[in-house]
Amino acid sequence: KIDSNIGLLENLSVLDLSGNLLQNISSDLSTMTDLIELDLSRNNISGSISDELSAMTNLGKLNLTYNDLTGISSSIVALKKLYSFEIYHNENMGWIPVEVIDRLQNLLTKDKKKISEKLRSLVTNSDQDYFVRSMPNQVFEWIVDRSSRFDLDDKSLSQQYCTSILFHSNNGKYWRNKTNWLESRDECDWFGVQCTNDDVFELKLANNNVSGTVALSGDCLGKLNLFDLSQNSIQKIDSNIGLLENLTVLDLSGNKLENIPSQLGLLTKLSFLWLHENPNLAGRIPSEVADVMMRNDKINASETILSNVPVSRSTIFEYGTSQFRAFNDILYRYRMQQDEISLSSTDLVYRYILGTLYFATNGDRWELNNKWLTPANHCTWYGVDCNTDDEVTKLDLYNNNVDGTLPKELWELSKLTFLSLGTNSLRGLIGSEIGQLTNLEA
């Protein structure tokens, strides 16, 4: 805390309070009208920059970097003698008034000003990031240096800016494969980047130790068609992913996602969205995202499933449930193995019901699970027998390390005549729904 008597130091011209634990900017500083340099960097200052600082009319240098500021008033532009103003590394900064952005722009060196002007015209609101946030600021410094060594056209400048933010924000230094990233002059030569007519068309970074928060801008990668981030350790997806207006394939499966932004619903061209195997997701999917999943369901799996297995209606779009996982598995396998997999109405329903059993009872750890969830007809899966119409009539998983709670969908196997689940590790209650198995003989 700054004592109120600091304002009595009326002849002070330089004040360095950096590297402390200050939590706010004292209004008493505004009385120090002869102050020329003020350094409040590397503190814990939060909230907005006070209007009262504009009274420090002789201030020429102001450093507020490495704090937790959330706002700034346009009154700061009243400091006409300001020749150095730094506010980067304030990750939670809100909207910066245009007048302040213009002032920050004018204080840049000639080379930085040139790049900043280009980025501001090419990437909407990029200036709201690289003036205040750590990674965008780091990338801005890098792109300025890069532009001094390579002649980058506007397309390369904007694409390299955005993909480099992805690299720095998502643990790029430790990616399994980062060949040519930030090194090759042409971003289309970087590992996982595929271009069409010099536009970044695909980003394939599956199983590459990508982590953190994924943030991209549609202004930079407006032509992006496929984005594969599966089998990584990504925790969050930024809402601006909704700006990738030409995205048709988005694979986020096998991560550690904690949220799915509703802005995914803005991706009207999205044909395939995979979210399965994200154990940290909980609760119901945002309705906008559920709508996307329904849209990208080219085989009408959801309609077929819900009309035949209405008991799933409340859980099929709820993260982490065996119903959600079984549904996503069907969509995923159809996309990847559509030449091998048969998905008639009967196949869909039985594949789904058996899939809910598999995911609800840790099927990957069963003693035997031959062919389960593969493209093979469900009647050939271990322990499953069918009649001539491919309707399941027998399910024998006796002594097979089946561990968990039986899903209610299991009782929709209306043609079942034989069911053996003894000597396993099943838990929970078996409801009256088992009475629906009217053909059961053993």
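List of remarks:
- Around the Cα centre of the chain, unit charges on the Cβ atoms of Lys, Arg, Asp and Glu (plus for the first two, minus for the last two) sum to a dipole of about 300 debye.
- For the options Gly422, Gly265, Gly355, a Gaussian network treatment of the chain with springs between C-alpha atoms closer than 10 Å singles out Gly422 as fluctuating the most.
- Springs between Cα atoms under 10 Å define the GNM used for the chain, and in it the highest mean-square fluctuation of Lys173, Lys110, Lys269 occurs at Lys110.
- Applying Stokes-Einstein at 10 °C and 1.306 mPa s to the Kirkwood radius of the chain, computed over alpha-carbon pairs, gives a translational diffusion coefficient of 62 µm² s⁻¹.
- Dipole of the chain [Lys/Arg +1, Asp/Glu -1 at C-beta], most positive-end residue of Ser253, Asn400, Asn63: Asn63
- All Cα pairs of segment 318-442, percent lying beyond 20 Å: 40
- In this Cβ point-charge picture (+1 for Lys and Arg, -1 for Asp and Glu), segment 1-153 has a dipole of about 440 debye about its Cα centre.
- Proximal aspartates and glutamates to Lys173, defined as alpha-carbon separation beneath 15 angstrom and excluding residues fewer than eight positions away on the same chain: Glu183
- Counting only protein heavy atoms and a 1.4 Å probe, segment 267-316 has 45 square angstrom of accessible area per residue.
- Across segment 60-142, the fraction of Cα-Cα pairs farther apart than 22 Å, rounded to a whole number, is 16%.
- Among 235-241, 358-364, 370-376, the order from most to least packed when residues are scored by Cβ within 10 Å on average: 358-364, 235-241, 370-376
- Set of lysines near Lys81 by C-alpha distance (under 23 Å), chain-local residues within fewer than 8 positions excluded: Lys61, Lys110, Lys112, Lys113, Lys114
- Partners of Lys415 within straight-line reach, counting lysines whose Cα lies under 20 Å from its Cα and excluding those fewer than 8 residues away in the same chain: Lys394.
- In degrees, nearest ten, helix 345-360 long axis to first principal axis of the chain (Cα): 70
- Nearest 10 degrees, 0 to 90: helix 322-337 Cα axis against the chain principal axis: 90
- Carbon + sulfur, % of accessible area of the chain - ligands and nucleic acids excluded, 1.4 Å: 44
- Taking the charge dipole of segment 1-74 about its Cα centre, with +1 at Lys and Arg Cβ atoms and -1 at Asp and Glu Cβ atoms, the residue from Met32, Ser74, Ser54 reaching farthest to the positive side is Ser74.
- Solvent-accessible heavy-atom area per residue, rounded to whole Å², over segment 346-435 at 1.4 Å: 44
- Taking Cα centre as origin and charging only the Cβ of basic (Lys, Arg, +1) and acidic (Asp, Glu, -1) residues, the dipole magnitude of segment 1-79 rounds to 200 debye.
- Over segment 38-93, accessible surface divided per residue gives 40 Å², non-protein components excluded, 1.4 Å probe.
- Among Gln138, Gln194, Gln23: highest mean-square fluctuation, GNM of the chain, C-alpha pairs under 10 Å: Gln23
- For the chain, calculated [θ]222 nm from helices alone, where every DSSP H run of n ≥ 4 adds -39500 (n - 2.57): -7500 deg cm²/dmol
The values are calculated or read from the model by the stated rules, or taken from the named source; none is laboratory data. Here the structure is a predicted model, which is why all the values come from computation and not from measurement. Here Cβ is always computed from backbone atoms with ideal geometry, including for glycine, and neighbour counts include all displayed protein chains. Accessible surface is based on the protein model in full, side chains and every heavy atom, while ligands, DNA and RNA are left aside. Shrake-Rupley method; radii C 1.70, N 1.55, O 1.52, S 1.80 Å.
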